[in-house]
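Only one structure is covered here, and it is reproduced in the block below.
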Amino acid sequence: MSGLTIRMKRLFEKGKAFVVALDHGLVMGPLKGIENPIEIVEKLSNIPDALQMTPAMLKLVEESFYSRNSPMLIARLDTANVWRKEKKYSQGYYSMVYQVKEAVEAGADAVVTYLVVGYGDDRIEGYNVEALAKAREEAHDYGIPFIIEPLYVSPENPDSIKDVNLVKYVTRLASEIGADILKVDYTGNKEEFKEVVNVAFAPILIRGGPKTKDDKEFLAMLKDAVDAGASGVTVGRNLWQAKDPTAMAKAIADVVRGKSVEEALGRLA
């Protein structure tokens, strides 16, 4: 059994994976809820299956991962300015920030990268694809899973477009590049999302996305995605900007593991 297979089986040991994304600072700055990485990681304890952060953040919180029950670590390697609101720009950029080797040295069990399609100069998109191909090769040399987060964006909707045909397109593109896991937008409709799952070559973790209007809407979205065939979820703002992040993490874990939205909401009462 290869190291890649071992790490994949560990991540999905409970059937469906629950990942918390804490790497927003690399693209959006110190958002509310993740100003202090040590504090939020301590609140999450060992509830999620994995935490996603930069190698730099890993070094700050490494003491939280010395136990056997600690969550796995997924390292973000790259960044883009698509989501930056403080400064106007005429072209989007994409840049690889870390090498896989640096992520492994920091303790990462897997790495994640963006595939940003539909915005900026076509040459930037081409560089993005080339950078992912190189990172995939390096990740497999180290025996760790390579995760691609494919997004279709535009100047009018930089958050990412959820149209099912575009989501299917970028999902298949990321699959063909060789992702071991895909981190994909939920399209908002269970039947449509089944089409996305069907064109993927790898397990799909849905993106939690921007903060929703209430907890029930958010948890229902996660359940619908898992019911439609997603292999798990990756959440960020809807967890660490919640009133009680620890309780929200437990509620999300309940939904991912098969409990009803009503049962999960009981965690937040």
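The values are calculated or read from the model by the stated rules, or taken from the named source; none is laboratory data. For clarity, every value in this text was computed on a predicted model and none was experimentally measured. As a convention, Cβ positions derive from the backbone with ideal geometry for all residues, glycine included, and neighbour counts pool all protein chains shown. These area figures cover heavy atoms from the full protein model, side chains too; ligands, DNA and RNA do not enter into them. Shrake-Rupley method; radii C 1.70, N 1.55, O 1.52, S 1.80 Å.
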Do you know which residues across the stretch 151-192 are among the acidic types (Asp, Glu), more than 12 Å from Arg207 (Cβ to Cβ) and surrounded by fewer than 17 Cβ atoms within 10 Å (Cβ to Cβ)?
Glu156, Asp163, Glu176, Glu191
By residue number, the members of the stretch 176-203 that are among the β-branched types (Val, Ile, Thr), under 21 Å from Thr5 (Cα atoms) and in contact with a helix residue (DSSP H, G or I) (Cβ under 6 Å, 6 or more places away or on another chain) are Ile177
Set Lys88, Lys101: member being at negative phi and at pLDDT 95 or above
Lys101
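Conditions (1) open to solvent by less than 40 Å² (accessible area, probe 1.4 Å); (2) among the polar types (S, T, N, Q); (3) farther than 25 Å from Arg172 by Cα, marked per residue:
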residue	(1), (2), (3)
Ile47	yes, no, yes
Leu58	yes, no, yes
Ile74	yes, no, no
Gln99	no, yes, no
Ala103	yes, no, yes
Ala135	yes, no, no
Of the residues in the stretch 71-120, how many are more than 29 Å from Tyr142 (Cα to Cα) and among the charged types (D, E, K, R)?
5
I'm checking my understanding of the structure. Among residues of the stretch 242-269 that are more than 18 Å from Ala50 (Cα to Cα) and touching a Gly at 6+ places or on another chain (Cβ under 9 Å), which one is most open to solvent (accessible area, probe 1.4 Å)?
Gly258
If the Cβ limit is 6 Å and pairs must be 6+ apart or interchain, which residue in the stretch 8-23 that is among the β-branched types (Val, Ile, Thr) pairs with which residue that is in a loop (DSSP other than H, G, I, E, B) and buried (at least 22 other Cβ atoms within 10 Å of the Cβ)?
Val20/Pro48
So in the stretch 170-192, with the set limited to residues that are of a type in the set (D, E, K, R) and under 25 Å from Lys211 (Cβ atoms), which one is nearest to the chain's Cα centre (by Cα)?
Lys183
Take the residues of the stretch 123-178 that are of a type in the set (Val, Ile, Thr) and part of a helix (DSSP H, G or I): which is nearest to Tyr93 (Cα to Cα)?
Ile124
